[in-house]
Amino acid sequence: MLQIEEAVKQLQKQVTQKEHTEQMPLLEAAGRILAEDAVAEKDQPPFPRSPLDGYALRGEETAGASREHPAIFRVTGKVCAGEWFPGRVQKGEAVRIMTGAPVPEGADTVIRQEDTDYGEETVQVFRASAAFENYCPQGEDYRTGTVLLKKGRRLDGAATAILAGMGRDSVRVYGLPRVAVISTGDEVVPPGHPLERGKIYDSNRYYLCARMQEKGLRPERSMHCRDNAAELAGQIREMCEEGMELIVTTGGVSVGEKDILHETLELLGARRLFWRIDVKPGAPVMAAVCQNTLLICLSGNPYGAAVNFELLVRPVLEVLTGSRTWRLEKRQAVLQNDFRKKKGTRRFLRGREENGKVWVAAGNQASGALSSLAESNCLVEITKEMAGATKGETVWVYLL
């Protein structure tokens with residue numbers, strides 16, 4: 001059977017990053033990918049400013065100041081944040097200044113108000129201050145022409161704040177790939193409906209859509225289809241004609257009577273890339289290309305579908321979006337408990353990693369069980385050669 005790494009290579013070859021870009025309001029762009037470098041057009045801050053409440057003056061004139069021998073200055077005005085002092089600080093003068101206000105010309109330091117007598121017409125200064133002490137220079141954060149954010153950066157809170165600080169109220173981002181999700185199965189019922197005997201609720205579609213939305217991608221189409229190959233082929237054909245770039249399905253990929261994806265692909269005339277990969281759970285995964293749309297058909301078992309999504313779909317979305325946020329981070333960790341299995345199968349277990357240590361989830365690890373995924377933050381890889389997981393061993397974990 002195909003190894004995961006080879007399957008990922010085949011899938012990524014079928015897609016390219018979406019080149020379409022759009023200008024959108026900054027407050028609506030969180031999670032999107034920057035389509036151009038963000039270059040500062042102004043210094044930040046655009047003027048020297050005070051980091052505290054106090055008095056702006058010339059530092060050299062405070063030499064030797066103390067409570068016993070204060071330096072005395074004439075107060076010539078006051079400036080608050082958002083204001084501008086029109087004059088210039090001369091010898092023996094001080095200007096009352098508030099946090100964030102521009103430092104007046106002629107002043108090179110700010111004495112904090114706690115080190116004065118809070119004078120209004122004259123002020124006594126009780127400590128010496130060197131030039132540029134308590135002074136935020138113009139361009140302290142960045143200078144005009146500085147590339148603050150690189151093209152391809154995901155717009156998180158920090159990036160959004162930087163753009164806002166530059167004065168941007170809109171930003172050019174890459175368009176999102178057009179993605180659809182389909183769950184299959186006569187036994188599957190949408191949440192919110194009565195659950196008849198023999199039926200189960202549709203958790204797979206909700207997992208896939210939620211995982212995409214967590215990272216800023218909302219599937220354009222999401223639906224359920226019965227175990228009817230012709231009906232499913234019709235839905236997929238319609239989505240391909242609409243221009244979907246990726247369609248992810250769950251269920252119907254094994255060899256049972258109701259595993260309809262084989263027939264569905266034949267009806268579509270799709271080009272099959274592979275069927276089955278060497279992994280547990282989720283081995284009977286299938287991939288194909290229909291028209292210009294990539295189809296990734298995942299296991300119907302809930303945890304199998306989850307593993308398939310993390311290992312196979314995320315790398316495809318990394319290419320389509322151009323964003324590293326989809327990349328599955330891999331690191332080593334030391335096992336803190338045991339898990340026994342037979343040799344010969346590459347397996348991914350639910351686990352929790354913290355500071356280089358990892359615990360295999362104590363709950364049910366069966367492919368049909370989801371509950372133990374709730375407290376997990378990683379997949380723990382158990383190789384073919386390992387007879388399970390043994391406390392103290394070093395293993396690879398994939399952060400979710």
Next item on the list: Sort 201, 55 from largest to smallest accessible area, using a 1.4 Å probe on the heavy atoms of the protein chains.
Entry: 201, 55
Check: About its Cα centre, how strong a charge dipole does the stretch 151-197 have in debye, to the nearest 20, once Lys and Arg get +1 and Asp and Glu get -1 at the Cβ?
Finding: 520 debye
Note to self: What are the ³J(HN,Hα) couplings of the stretch 52-65, residue after residue, when phi is run through the Karplus curve with 6.51, -1.76, 1.60 and θ = phi - 60°? Round to Hz, x for glycine and proline.
What the structure shows: 7, 7, x, 9, 8, 7, 8, x, 4, 7, 9, 3, x, 5
Next item on the list: May I ask you to rank 264, 394 by accessible area, largest first, using a 1.4 Å probe over the protein chains only?
Entry: 394, 264
Notebook entry, point to check: If Lys and Arg each add +1 and Asp and Glu each add -1, what is the summed charge of the other residues whose beta carbon sits under 9 Å from the beta carbon of residue 85?
Noted result: 0
Note to self: Sequence gap at least 6, Cα distance under 8 Å: using those rules, report the relative contact order of the chain to the nearest whole percent.
What the structure shows: 16 percent
Next item on the list: Just reorder 326, 396, 84, 275 by solvent-accessible area, largest first, 1.4 Å probe, all chains present.
Entry: 84, 396, 275, 326
Item checked: Surface share of carbon and sulfur [accessible, 1.4 angstrom probe, percent] for the chain -> 47 percent
Item checked: Reported label for calculated volume of the Cα convex hull per residue in Å³ given [x] 204; [y] 158; [z] 141 -> [x]
Check: Can you list residues whose amide H is under 5 Å from residue 109's amide H, if they're 5+ apart or on another chain and H is modeled 1.01 Å from N?
Finding: 57, 59, 132
Check: Each residue of the stretch 68-74 in turn: what ³J(HN,Hα) in whole Hz from Karplus with 6.51, -1.76, 1.60 and θ = phi - 60°, glycine and Pro shown as x?
Finding: 6, 9, x, 8, 10, 10, 8
Next item on the list: Output the relative contact order of the stretch 258-400, whole-number percent, from Cα pairs under 8 angstrom with separation of 6+ residues.
Entry: 22 percent
Margin query: What distance in nm lies between label points placed 7 Å from Cα along the C-beta direction at residue 330 and residue 124?
Written below: 7.1 nm
Checklist line | Per residue accessible area of the stretch 12-138, 1.4 Å probe, in Å² | finding: 54 Å²
Note to self: Can you work out the Karplus-derived ³J(HN,Hα) for every residue in the stretch 277-291? Use 6.51 cos²θ - 1.76 cosθ + 1.60 with θ = phi - 60°, whole Hz, and x for glycine or proline.
What the structure shows: 10, 7, 7, 9, x, x, 4, x, 8, 10, 9, 7, 10, 10, 6
Checklist line | Simple Cβ-charge dipole of the stretch 1-137, Lys/Arg +1 and Asp/Glu -1, about Cα centre, in debye nearest 20 | finding: 20 debye
Notebook entry, point to check: Under 12 Å from the 7 Å Cα→Cβ point of residue 1, by amide nitrogen: which residues of the stretch 254-283?
Noted result: 254-255, 275-283
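Compute the signed sum of charges (Lys and Arg +1, Asp and Glu -1) over the other residues within less than 13 Å, Cβ to Cβ, of residue 70.
-2
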Check: Using helices alone, what [θ] at 222 nm do you get for the chain, with -39,500 (n - 2.57) per DSSP H run of 4 or more residues, divided over all residues and rounded to the nearest 500?
Finding: -5000 deg cm²/dmol
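The values are calculated or read from the model by the stated rules, or taken from the named source; none is laboratory data. As the structure is a prediction and not an experimental result, all values here were calculated from the model. Glycine also receives a Cβ, built like all others from the backbone with ideal geometry; neighbour counts cover every protein chain displayed. SASA here: full protein model, heavy atoms, side chains in, ligands and nucleic acids out. Shrake-Rupley method; radii C 1.70, N 1.55, O 1.52, S 1.80 Å.
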